[in-house]
Amino acid sequence: MKKFINAVDNVLGESLDGFAAAHADLVTLGAERKFVRRRELNRSKVALISGGGSGHEPLHAGFVGHGMLDAACPGQVFTSPTPDQIVEAAQAVAGDAGVLFIVKNYAGDRMNFEMAAEIAEGRTATIVTDDDVAVEKSTYSIGRRGVAGTLIVEKIVGAAAEKGADLATCVALGERVNARTRSMGVALTSCTVPAAGTPTFALGEDEMEMGVGIHGEPGRRRVKLAQADAIASEMTTAIADDLAAPAGSEALLLVNGFGGTPTIELYLMYNAARRMLEQRGLRIARSLVGSYVTSLDMAGCSLTVSLLDAETTALWDAPVRTAALKW
Amino acid sequence: MKKFINAVDNVLGESLDGFAAAHADLVTLGAERKFVRRRELNRSKVALISGGGSGHEPLHAGFVGHGMLDAACPGQVFTSPTPDQIVEAAQAVAGDAGVLFIVKNYAGDRMNFEMAAEIAEGRTATIVTDDDVAVEKSTYSIGRRGVAGTLIVEKIVGAAAEKGADLATCVALGERVNARTRSMGVALTSCTVPAAGTPTFALGEDEMEMGVGIHGEPGRRRVKLAQADAIASEMTTAIADDLAAPAGSEALLLVNGFGGTPTIELYLMYNAARRMLEQRGLRIARSLVGSYVTSLDMAGCSLTVSLLDAETTALWDAPVRTAALKW
Amino acid sequence: MSVPSETFKSLVKAAAEQVIASAPELTSLDQAIGDGDHGTNMKRGCEAVLGKLDAISAQPLDEALKMIGKTLVMTVGGASGPLYGSFFLAAGEALSHDKHLPDDLADVFGSAVNAVSARGRSQVGEKTMLDVLVPVLETLKTAAGQPDLIARVRTTATEAVERTAPMQATKGRASFLGARSVGHVDPGARSSCVLVQAVCAGLEARA
Amino acid sequence: MSVPSETFKSLVKAAAEQVIASAPELTSLDQAIGDGDHGTNMKRGCEAVLGKLDAISAQPLDEALKMIGKTLVMTVGGASGPLYGSFFLAAGEALSHDKHLPDDLADVFGSAVNAVSARGRSQVGEKTMLDVLVPVLETLKTAAGQPDLIARVRTTATEAVERTAPMQATKGRASFLGARSVGHVDPGARSSCVLVQAVCAGLEARA
Ligand SMILES: Nc1ncnc2c1ncn2[C@@H]1O[C@H](COP(=O)(O)OP(=O)(O)O)[C@@H](O)[C@H]1O
Ligand SMILES: Nc1ncnc2c1ncn2[C@@H]1O[C@H](COP(=O)(O)OP(=O)(O)O)[C@@H](O)[C@H]1O
Ligand SMILES: [Mg+2]
Ligand SMILES: [Mg+2]
Ligand SMILES: [Mg+2]
Ligand SMILES: [Mg+2]
């Protein structure tokens, strides 16, 4: 295992300390590093709180700030945060407008946020994101995973909350965005969880995993390594088939690196995916390319397509001031 | 070789097309993809042009835009651009205030920019960046390499040029920033140049290369893999010794990933480096953490420290609107 | 509810230590069909319990079990944290409401298993810890009062773990693997078995 | 200056093809002490020259050499692009100024080598292409007019390449390696040798 770490048990704490110090103008760390919150609070708005296992940086702490999240609760690597973290984050940032939890659809995340919601005082609501088309909804009762599309929900709902939308409006908006968002991921290599010390799975030099999530879990199928166009074609087809959007629909295309894939390759994938989606009749009106929802050091990427309308486009474009997204 | 590519010869072109399409609001691509330039030109200011081999994304094309570069010339992977690219970029963006070339100190980059300067019409000047302390200046007549500190020169001089500084002022400022900037890099893995198809060097599971540049070249010493604190200590010591700044000096700390290192580790390194630099009496007044000056898929990072004064701090803070840096 | 005996303390200690010792195995099972953290999660939780063991053992038994549950909830994270946490919280809760050990063991264990099922919205057959916990509960019911109860529980747990291998997961992370989850033992089923075996071994040693 | 003969065209073709064939070797030499692109760079440049070979050969010899130089400058990039480009530009320039082949071969070659040295701010002994080009120039001077000139040039070039191995680089990327550059042949020295050998082989075949 080749990583910049001191001891496997301290990875998260040291990294969070570094994050908080580097972005002290934007965020502060809660006691015992239970959460990261905005430095300047606005308790009159709906408080947006997300969280999940660590190892997906900059998700979620990198999205804390004006126009996006109010707080984020980082769990251990690939491990949901615990209810006390979530409850204390809510206490720290929420006012009378209530708290909205944005939760990726994983058993652990859902149960921990659910326990937190049971304990927390004041009004709470929860949006569960489940954008991963690699998981066929019908077969598995747990439903689809929440992956990179979560960023889009957080940005758009974050902008609405910043503008004063109430809790019910935020929930409805988040559910609408989530329902119009689809992702699919592919891994060229496994990642290595620090505490495990070895790669989660072993892939041959000529193999890749199609349909992976963001926790280093193996994908749906192990297939032969293919060219970028073939990969992009399989992914955009799965996404576009599932979205079934009318021709001419406007969309946001997010090409997301998993941590070990360089920018030059992400833009190449963007080029392929954009072309293919436009051939399917979508109009790519907004774009984001970078490593935003990662799986530690995994080489791989995901494509996310989110259908836009005038309202969501304006909310996407609205100012945001976080460590990882700024405009 | 596991990469998202179609054919090794098309990597650069397809990636540039994707970059230009994703950031069409900010940049456009020159004919034959010879350069990337700002979409909105301002020909009354000094034109800043940089360039170099590709494989360092987002450097330099990601820094084209308001407050930073006017154009960037991407060479093939790790290969300097050719003089015609540079000359045509200058023609496309420069006005009467002249052109400033920002060149990393590599034989190839220097010679190609030099030939371009010989051919180009109008006033030109050149700043050569050489911030890499891994290369001992005295021993090698070619001097030190230009690495991640180049970003800082481009940002600060870019802000000055945007404010209307003339060519001589930009040159003096750039040289001042470069003279107060030091970097050092470490590689945990080699990168793989697409056209070569195999890693540039082979490292054992328990080895790392200390003092690497950004072209996948081996470093100065191959040593045993160490903990983050030990690595940060060697790097910050080399940098701080060389800078020899008076106690209390304000500095910008840039922790830069090489492409294959995830954000969680970069913040951990930031945490270690910041602590050590502050112990040496520096005050870390500004920070940047991310993969900005990369070596394809190399796992590794560099630390850069740049001394700030009131003027350069204000220029660093000045608005910037590029694909990779925005505030 | 009386303060738990030294036996309780030593059983908790043995169970926690056994899980900690099994952490590498649990992690490697989780690497195969999950995300490779089950061993680390359980280890973190069990270490926290060990760290508070004196305080826990100073409580009445129902409160002691709730404290274990709370500690697991606050330290384990992931799916297993709320599930094991709910298990012990519910067990303690049952004891607070007129249930007594050892007579009501099957009842108390049943409340705990129900809590897991409710929190996880899951049932037996979905390739989870329930595929050990539910068979163990059945044995506690059917063999209650029998002299070979402990031995039968041990056999049940061991066999139940193996029976998760051919199952296809429909809950938890492994469900995302679809048919690829078949052929691997479920990590949570294994950790449940480790806990059950450790408690049984402790009871046998004192018998 | 007259239009170059068919011999010129076939020499350029042979040299370019030889470099292209050597690209993998040049790249792997550059992986050891550089950045692993010398083969790709030279291949790209030589393919561009081959693509324009008819147009090049239709020019007077001096212009033809300058066109080769320009083509290399515009397509090779890196350090080798401006250096080989300057080499051929200067050779053409020399021929435009009262120099003639074959009589002034050493003079013309000398101007070309000086251009490399000037552009690279480098000298013999720094572990670069000059460590082949300069010895070849010496042989062209000392053995001018001798019947075994070609054979001696070939020996010189081959031996000169090997002599770069023990050198420590002080120019180019390899210089950043410090003492670690010792023990490897310089990639640019090898590509110069390939070019020289290809031209010599072509001339021998026609002799
Ligand atoms: N809904 C559920 N019901 C019961 N058990 C579950 C459920 N989801 C997961 N599990 C159990 O949790 C185990 C995984 O725990 P762990 O690896 O610690 O958490 P995570 O899956 O969040 O990484 C699985 O092996 C399974 O036994
Ligand atoms: N200053 C110089 N003078 C002469 N030759 C040089 C100089 N710098 C580099 N070279 C030659 O160029 C070769 C490297 O070329 P290449 O790999 O194509 O470019 P780069 O070093 O930019 O990657 C070296 O092996 C060396 O022979
Ligand atoms: Mg987990
Ligand atoms: Mg090069
Ligand atoms: Mg797990
Ligand atoms: Mg090279």
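Of the conditions (1) closer than 29 Å to A:Cys191 by Cβ; (2) in contact with a Leu (Cβ under 6 Å, 6 or more places away or on another chain); (3) of a type outside the set (A, V, I, L, M, F, W, C), B:Thr263 fails just one. Which one is it?
Going through (1) closer than 29 Å to A:Cys191 by Cβ; (2) in contact with a Leu (Cβ under 6 Å, 6 or more places away or on another chain); (3) of a type outside the set (A, V, I, L, M, F, W, C) one by one, B:Thr263 breaks only (2).
Looking at (1) more than 14 Å from chain A (Cβ to nearest Cβ); (2) outside any helix (DSSP H, G or I), can you tell me which one C:Glu63 breaks?
Every condition holds for C:Glu63 apart from (2).
Tell me which residues, restricted to the range B:98-121, are among the acidic types (Asp, Glu) and away from every other protein chain (no Cβ under 12 Å).
The answer is B:Glu121, and nothing else.
Within the range A:205-235, restricting attention to residues that are more than 27 Å from A:Gln279 (Cα to Cα) and over 20 Å from the mean Cα position of the chain (by Cα), which residue is surrounded by the fewest Cβ atoms within 10 Å (Cβ to Cβ)?
A:Glu205
Can you say whether D:Lys99 is assigned to a helix (DSSP H, G or I) and surrounded by fewer than 23 Cβ atoms within 10 Å (Cβ to Cβ), as far as the supplied structure shows?
Against the criterion (assigned to a helix (DSSP H, G or I) and surrounded by fewer than 23 Cβ atoms within 10 Å (Cβ to Cβ)), D:Lys99 does not qualify.
Within the range D:33-49, which residues are near ligand 2 (Cβ under 6 Å from one of its atoms) and more than 14 Å from D:Arg190 (Cα to Cα)?
The one that is near ligand 2 (Cβ under 6 Å from one of its atoms) and more than 14 Å from D:Arg190 (Cα to Cα): D:Asp35.
Please go through the range A:282-309 and pick out each residue that is assigned to a loop (DSSP other than H, G, I, E, B) and more than 8 Å from chain B (Cβ to nearest Cβ).
A:Leu282, A:Tyr292, A:Val293, A:Ser295, A:Leu308, A:Asp309
For every residue, the table says whether it meets (1) surrounded by fewer than 24 Cβ atoms within 10 Å (Cβ to Cβ); (2) within 13 Å of chain B (Cβ to nearest Cβ); (3) modelled with pLDDT of 95 or more; (4) away from ligand 3 (no atom under 16 Å from the Cβ).
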| site | (1), (2), (3), (4) |
| --- | --- |
| D:Thr7 | yes, no, no, yes |
| D:Ala14 | yes, no, yes, yes |
| D:Arg44 | yes, yes, yes, yes |
| D:Leu50 | yes, no, yes, yes |
| D:Met74 | yes, yes, yes, yes |
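Any idea which residue in the range B:63-78 is nearest to ligand 3 (Cβ to nearest atom), counting only those that are under 18 Å from B:Ala165 (Cα atoms) and more than 14 Å from the chain's Cα centre (by Cα)?
For the range B:63-78, the residue satisfying everything is B:Gly65.
What are the residues in the range D:141-194 that are surrounded by fewer than 17 Cβ atoms within 10 Å (Cβ to Cβ) and polar (S, T, N, Q), if any?
Result: D:Thr142, D:Gln146, D:Thr155, D:Thr158.
Only one of these is more than 16 Å from ligand 6 (Cβ to nearest atom), within 30 Å of D:Ser175 (Cβ to Cβ) and touching a residue at least 60 places away in the same chain (Cβ under 8 Å): D:Ala79, D:Ala15. Name it.
D:Ala15
From the list B:Leu48, B:Leu26, B:Leu41, B:Leu59, which one is more than 16 Å from ligand 4 (Cβ to nearest atom), modelled with pLDDT of 95 or more and either surrounded by 24 or more Cβ atoms within 10 Å (Cβ to Cβ) or charged (D, E, K, R) (or both)?
Matching residue, one of B:Leu48, B:Leu26, B:Leu41, B:Leu59: B:Leu48.
Do we have A:Val36 as buried (at least 24 other Cβ atoms within 10 Å of the Cβ), closer than 21 Å to B:Val289 by Cα and of a type in the set (A, V, I, L, M) here?
Against the criterion (buried (at least 24 other Cβ atoms within 10 Å of the Cβ), closer than 21 Å to B:Val289 by Cα and of a type in the set (A, V, I, L, M)), A:Val36 qualifies.
For the range B:317-327, how many residues are touching a residue at least 60 places away in the same chain (Cβ under 8 Å) and within 13 Å of another protein chain (Cβ to nearest Cβ)?
7
Only one residue in B:Ile142, B:Ile231 is of a type in the set (A, V, I, L, M), within 12 Å of another protein chain (Cβ to nearest Cβ) and out of contact with any strand residue (DSSP E or B) (no Cβ under 7 Å at 6 or more places or on another chain), so which one is that?
B:Ile142
Condition (residue is more than 15 Å from B:Leu151 (Cβ to Cβ), without any contact (Cβ under 8 Å) to a residue 40 or more places away in the chain and surrounded by fewer than 24 Cβ atoms within 10 Å (Cβ to Cβ)) applied to the range B:252-271: is it met by at least one residue?
No, the conditions are met nowhere in the range B:252-271.
Given the conditions (1) part of a helix (DSSP H, G or I); (2) within 14 Å of chain B (Cβ to nearest Cβ), report the number of the one that D:Asp35 does not fulfil.
(1)
Do we have D:Gly110 as part of a helix (DSSP H, G or I) and free of Cβ contacts under 8 Å to residues at least 24 places away in the same chain here?
no
Listed here are the residues, each with its yes/no results for (1) more than 25 Å from A:Val8 (Cβ to Cβ); (2) within 17 Å of the chain's Cα centre (by Cα).
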| position | (1), (2) |
| --- | --- |
| C:Gln18 | no, yes |
| C:Glu47 | no, yes |
| C:Asp54 | yes, no |
| C:Ala64 | yes, yes |
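Condition first: at pLDDT 95 or above, under 19 Å from the mean Cα position of the chain (by Cα) and of a type outside the set (D, E, K, R). Can you find one or more residues in the range A:276-287 that meet it?
Within the range A:276-287 (the criterion being at pLDDT 95 or above, under 19 Å from the mean Cα position of the chain (by Cα) and of a type outside the set (D, E, K, R)), the answer is yes, since at least one residue qualifies.
Taking the range D:129-175, which residues are over 15 Å from D:Val194 (Cβ atoms) and within 14 Å of chain B (Cβ to nearest Cβ)?
D:Leu130, D:Met167, D:Gln168, D:Ala169, D:Thr170, D:Lys171, D:Gly172, D:Arg173, D:Ala174, D:Ser175
Check A:Glu32, A:Glu40 and return the single one that is acidic (Asp, Glu), under 26 Å from A:Ala165 (Cβ atoms) and assigned by TED's automatic domain parsing to the domain that holds A:Asp84.
A:Glu40
Please verify whether B:Val186 is within 14 Å of another protein chain (Cβ to nearest Cβ) and crowded, with 24+ Cβ neighbours inside 10 Å, treating the condition exactly as stated.
Judged against the criteria, B:Val186 is a match.
Only one residue in A:Ala94, A:Ala160 is of a type in the set (A, V, I, L, M, F, W, C), closer than 26 Å to A:Thr294 by Cα, more than 16 Å from ligand 5 (Cβ to nearest atom) and surrounded by 24 or more Cβ atoms within 10 Å (Cβ to Cβ). Which one?
One residue alone meets the criteria, A:Ala160.
Quick one: which of C:Ala58, C:Ala64, C:Ala32, C:Ala21 is on the phi < 0 side of the Ramachandran plot, within 16 Å of ligand 1 (Cβ to nearest atom) and among the aliphatic types (A, V, I, L, M)?
C:Ala32
For A:Ala195, indicate whether it is of a type in the set (A, V, I, L, M, F, W, C), within 14 Å of chain B (Cβ to nearest Cβ) and in a loop (DSSP other than H, G, I, E, B).
When the stated conditions are applied, A:Ala195 passes them.
Which ones in the range B:237-280 are in contact with a strand residue (DSSP E or B) (Cβ under 7 Å, 6 or more places away or on another chain), of a type in the set (Ser, Thr, Tyr) and either away from chain A (no Cβ under 11 Å) or in a strand (DSSP E or B) (or both)?
Selection gives B:Ser249 alone.
The values are calculated or read from the model by the stated rules, or taken from the named source; none is laboratory data. Everything quoted here is computed from the prediction, not taken from an experiment. Quick reminder, even Gly has a Cβ in these numbers, built from the backbone with ideal geometry, and neighbours come from all protein chains shown.
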